[in-house]
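The next block holds one structure in the form of structure tokens; read it before the comments.
The values are calculated or read from the model by the stated rules, or taken from the named source; none is laboratory data. Because the structure is predicted, anything quoted here is derived from the model rather than measured. Glycine also receives a Cβ, built like all others from the backbone with ideal geometry; neighbour counts cover every protein chain displayed. The protein model used for the area step is the full one, side chains on, heavy atoms only, and it has no ligands, DNA or RNA in it. Shrake-Rupley method; radii C 1.70, N 1.55, O 1.52, S 1.80 Å.
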Amino acid sequence: MNQASLYQRANQVQRHDAKLILDEYSSRLQWRSDGQDSLLDVGSGSGNVLMDFVYPLLPKSYEQLVGTDISSKMVGYANNCYRRYERTQFQVLDIGCDRLPEQLKGRFDHVTSFYCLHWVQNLRVALNNIYDLLRNEGGDCLLVFLASNPVYEVYKVLHTNAKWAAYMQDVEQFISPLHTSSKPAEQFKQLLNEAGFHYKNVEVRSEVFVYEGVRTLKDNVKAICPFLERMPADLHEEFLDDFVDVVVSMNLKQQTDGDQQQQRFASPYKLVVAYARKSSTLLGNVLSEMSSTKSLKGVS
Ligand SMILES: C[S@@+](CC[C@H](N)C(=O)[O-])C[C@H]1O[C@@H](n2cnc3c(N)ncnc32)[C@H](O)[C@@H]1O
Ligand SMILES: CC(C)=CCC/C(C)=C/CC/C(C)=C/C(=O)O
């Protein structure tokens, strides 16, 4: 995913979900009493979800807002769009990295992330990093990402097609690590627990988004499909036609009269919404000590 302007024009679902979740969860975030909050967003992409929906929630006197992304093109685009905002910057960060940059460790009161963690295969490393980004005195995170989506089933089918196989050999790398999980909420909660979060609330929402018209569906696929940038541009439309044929074969086309552009396509998906808090190091040690003492004494 590198094409920021394309993504910015075709991210209706992502924007819709971020707004909906923030309306519900913003009051749960533990804002500082002095109004000097620092917030880091993971996988900000072109930056518009962060700046349109998260930025307005920050107190006027916020200390710093940092948008991050693995793609330097996305970061460059966002820095250019939002350079007039004070105490705000975008920088490259792979949330699955082995070593976090020292200057980011323990600096943030809040970490947010929308529609990014399904791109990260090693969720354990990502959550350890998110925990380490938060201040030692404590902080919280709101993480929203796909557990499952029919797009992954379409990828699996296209990967078996001789025409596209060469471009899709590593297809598994682009499928959400929770796509086939029978208990995604429990699995993610366990990972949050192992990372050290003391309070955690994880829900998995079943949603359906309806794409109006073939062009809308194709544009949304183009904005996020990692395989297109590997193939010559003159093959893109043929790939997208095959994509739509697989969607039709999966019975996701809704019955409508009229012309092709007015066809509707349903996308039923599962969204993980996780809110977790890190306690201060001191309190964390006391809580861990208490839970290990309890298990030693055989108290459940
Ligand atoms: C679908 S976009 C979401 C952008 C934005 N958060 C939104 O809601 O519109 C996913 C973003 O995650 C980024 N991403 C993928 N893997 C990442 C990683 N390991 N670390 C940081 N960002 C990553 C991609 O480059 C992309 O910009
Ligand atoms: C009907 C059907 C298969 C629709 C696919 C819709 C689509 C473009 C999903 C993308 C999901 C995704 C990985 C989003 C993202 O990371 O932003």
Checklist entry - Under unit Cβ charges (Lys, Arg +1; Asp, Glu -1), what dipole magnitude, rounded to 20 debye, does the chain have relative to its Cα centre? => result 720 debye
Checklist outcome for this item: Calc'd 3J(HN,Hα), region 41-55, phi into Karplus 6.51 cos²θ - 1.76 cosθ + 1.60 (θ = phi - 60°), Hz, glycine/Pro = x, comes to 10, 9, x, 6, x, 6, x, 6, 5, 4, 7, 7, 10, 8, 3
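On a 30 Å Cα-Cα criterion, which of the cross-link pairs Lys19/Lys189; Lys156/Lys189; Lys163/Lys218; Lys200/Lys222 come out too long?
Lys200/Lys222
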Next on the checklist: Can you give the FRET efficiency to the nearest 0.05 for Leu104 and Glu238, using r as the Cβ-Cβ distance and R₀ = 51 Å?
Outcome noted: 0.75
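When the helix-only estimate is applied to the chain (DSSP H runs of n ≥ 4, each -39,500 (n - 2.57), divided by the residue count), what is the mean residue ellipticity at 222 nm, nearest 500 deg cm²/dmol? Could you put the intermediate results ahead of the total?
On the way: 10 runs with 108 residues, N = 300.
Rounded to the nearest 500, the figure is -11000 deg cm²/dmol.
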Checklist entry - Under a 1.4 angstrom probe, counting protein chains only, how are Ile130, Ile224 ranked by accessible area, largest first? => result Ile224, Ile130
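By per-residue mean of other Cβ atoms within 10 Å, what is the highest-first order of 71-81, 26-36, 138-148, 153-163? Write down the numbers at each step before the final one.
Details: 71-81: 18.1, 26-36: 12.5, 138-148: 23.5, 153-163: 15.1.
So the peptides 71-81, 26-36, 138-148, 153-163, ranked by packing, come out 138-148, 71-81, 153-163, 26-36.
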Item to check | Positive-end residue, region 1-145 charge dipole about Cα centroid, Cβ charges, pick of Ala126, Ser72, Phe145 | outcome: Ser72
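How much of the accessible area of the chain, in percent, comes from carbon and sulfur atoms when a 1.4 Å probe is used? Don't skip to the end; give the middle numbers.
Details: 7080 of 14660 Å².
Reported share for carbon and sulfur atoms: 48 percent.
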Next on the checklist: In Å², and per residue, what accessible area does the chain have when probed at 1.4 Å with the other protein chains present?
Outcome noted: 49 Å²
Next on the checklist: Can you return the aspartates and glutamates within cross-link range of Lys60? Criterion is Cα-Cα under 12 Å, with same-chain partners fewer than 8 residues away left out.
Outcome noted: Asp34, Asp37, Glu86
Checklist entry - In nm, to one decimal, how far is the modelled label at Arg9 from the one at Cys97, with both set 7 Å along Cα→Cβ? => result 3.2 nm
Checklist outcome for this item: Under a 1.4 Å probe, counting only protein heavy atoms, Glu24 has an accessible area in Å², nearest 10, of 90 Å²
Checklist entry - Taking the simple approach of a point 7 Å from Cα along Cα-to-Cβ for both Phe209 and Arg124, what is their distance in nm? => result 3.1 nm
Checklist outcome for this item: With the dipole of region 83-203 defined by +1 on each Lys or Arg Cβ and -1 on each Asp or Glu Cβ, the option from Leu191, Leu178, Val157 whose Cα lies farthest towards the positive pole is Val157
Checklist entry - With every protein chain kept in the model, how would you rank Thr180, Thr112 by accessible area, 1.4 Å probe, largest at the top? => result Thr180, Thr112
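Under 12 Å from the Cβ of Arg15, count the other residues' Cβ atoms, weight Lys and Arg +1, Asp and Glu -1, and hand me the total. Display every interim value, and only then the final one.
Details: positive: Arg9, Lys19; negative: Asp17, Asp52.
Net charge in that neighbourhood comes out at 0.
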Item to check | the chain, relative contact order [Cα under 8 Å, separation at least 6], % | outcome: 19 percent
Next on the checklist: Beyond 17 Å, how much of the Cα-Cα pair distribution for region 79-200 remains, as a whole percent?
Outcome noted: 65 percent
